[in-house]
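Have a look at the structure below, then the notes.
Read-outs: derived from the displayed coordinates by stated rules, not from any lab. Here the structure is a predicted model, which means the values were calculated and not measured. Neighbour counts are summed over all protein chains in view; Cβ atoms, including those assigned to glycine, are modelled from backbone coordinates with ideal geometry.
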């Protein structure tokens, strides 16, 4: 960073402008050339509007469940829906256009802030390699469904939360975590990462770390249960599913995911997104920092936990794992290239 700030002022401006230009090109390509032909295409507007109205009003047709529309538990993801509705009314813009605006803004912010996040460990060129890799594999996040407006802003919130844990900003962490649960409640597992990193890096305060981690977990679970109780009435049919049926559904989902892997072969999106970063992350494992190792372990745990729960080929739900894997992967890529 010292070298960065001693550069001539003009060179700094040029570098930053070129960086923002590169990110803009990536985002335009994704949103226009991919998004307009998948999740934003006109043929799907009626379905997207239906789900927006259903989540905003927390109502679905009688006798139906959210799962019937491929939208299980989405009525708890209220932040983006209310934000889009508010912006739509305030600026008199159609709500579906607002969703695309939100996606575009937070996708851009994610790329820009992720570059800054990586600069703690990596030179400019390896940060750029990471961004270009993201721009490539993010194409797969536009596939297989038509309404997931929370995923871009949720990914950005994951990045901020992981950064706050790295810098040990605990008060800000709690505040951002509360908001993030209303965006998408998969952040409920984040206290595990908080525990892993701090437990590995600070052996003299392990009892305090355990207590803090438990309190953080209680807070996230409590927040999730509050949302669940408020919005569960609109999904009473799913709420009455027996425990044994839920266990059976896990095995059904595993079978579905294995079938997708067999059918899609090397084009299976999780392979495209995670195989290379995972492979690189284990090189020079013992020499990596506590934060790097905690990140890789937590990333693998997320993938393992999600495999029996979701359609695993829909990798937009696992993109936060790239935040955890890419720093280690890029450092090891640098080691390989310099050695060769």
* Starting from the Cα of residue 279, move 7 Å in the Cα-to-Cβ direction to define the label point; list residues of the range 133-169 whose amide nitrogen is under 19 Å from there. => 133-138
* Structure fact -> Residues 216, 118, 272, 18 in order from fewest to most other beta-carbon atoms within 10 Å are 18, 272, 216, 118
* Structure fact -> Extension length gain for residue 42 and residue 25 (0.36 nm per residue less Cα distance), in nm, is 3.8 nm
* Any chance you could list P(r) for the range 1-157, counting all Cα-Cα pairs in 5 angstrom bins from zero, rounded to whole %? => 1, 8, 16, 18, 16, 13, 10, 7, 5, 3, 2, 1, 0, 0
* **Inter-probe distance in nm under a simple model that places probes 7 Å from Cα toward Cβ, at residue 249 and residue 62** => 2.4 nm
* Report the convex hull volume per residue for the chain, counting only C-alpha atoms, in Å³. => 171 Å³
* Structure fact -> Here FRET efficiency (C-beta to C-beta, residue 69 to residue 14, R₀ 51 Å, nearest 0.05) is 0.55
* Using a Förster distance of 35 angstrom, determine the FRET efficiency expected from the C-beta separation of residue 230 and residue 189, and round it to 0.05. => 0.95
* To do: Sort 129, 221 so that the residue with the fewest other Cβ atoms within 10 Å of its own Cβ comes first and the one with the most comes last.
  => 221, 129
* To do: For the chain, calculate the relative contact order in percent as a whole number, restricting contacts to Cα pairs under 8 Å that are 6 or more residues apart.
  => 20 percent
* Just order 26-36, 190-200 by mean Cβ neighbour count inside 10 Å, highest at the front, would you? => 190-200, 26-36
